[in-house]
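K.L.:
Dropping a structure here in structure tokens format, bear with me for questions.
Just so it is clear, none of the values below were taken in a lab; they were calculated from the coordinates. The structure presented is a predicted model; accordingly, all values stated were derived computationally and were not measured. Quick reminder, even Gly has a Cβ in these numbers, built from the backbone with ideal geometry, and neighbours come from all protein chains shown.
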Amino acid sequence: MKPDKDQLTLDQQKLTEEWNNTLPTILGSSDKATVQADAADPRSLRVAIANSGRTQYSFDFKVTYTDSREIDTQLVDVEADGIHVDEHTEIIQNMIHDYVRHMRECAQNLQQITHYSSSN
């Protein structure tokens with residue numbers, strides 16, 4: 001039986017720590033990520049990814065666990081050199097797609113933590 005998402009309880013501090021340890025190993029070497037707990041939602045994390053390439057894009061995402069195995073990833077903002085940019089360009093859309101894929105891979109790598117948490 002699939003756990004009800006309302007019953008999903010996560011150790012947000014531990015999960016944030018594990019995301020901070022795991023996500024950088026999945027991202028490209030030119031990308032830097034920081035993960036913080038979302039103070040307003042115990043099932044969500046805030047992920048900031050900075051690309052140190054010549055464009056110096058930075059991406060902010062909200063990652064929400066919909067159940068113990070699945071995440072919903074929402075783009076919050078994209079900036080270049082600290083200035084908001086249009087996220088609808090093909091280059092940025094491709095980068096967003098790659099980052100979402102990397103975040104899903106990170107979530108898959110951490111399934112043992114989230115699945116265990118929802119079983120308690």
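K.L.:
In debye, nearest 20: dipole of the chain around its Cα centre with unit charges on the Cβ of K, R (+) and D, E (-)?
P.N.:
Working: 11 positive and 20 negative charges, 73 e Å.
Roughly 340 debye, rounded to the nearest 20.
K.L.:
Sticking with this one: Going by alpha carbons, how many degrees (0 to 90, nearest 10) lie between the helix axis of 90-109 and the longest principal axis of the chain?
P.N.:
30
K.L.:
Enter the angle in degrees (range 0 to 90, nearest 10) between the Cα long axis of helix 12-26 and the first principal axis of the Cα atoms of the chain, meaning the one along which they spread out most.
P.N.:
50
K.L.:
Can you give me the pair-distance distribution of the chain, C-alpha pairs, 10 Å bins, whole percents?
P.N.:
Cα pair-distance distribution for the chain, in percent: 13, 46, 28, 11, 1.
K.L.:
For region 5-119, calculate the relative contact order in percent as a whole number, restricting contacts to Cα pairs under 8 Å that are 6 or more residues apart.
P.N.:
Worked out over region 5-119, it gives 26 percent.
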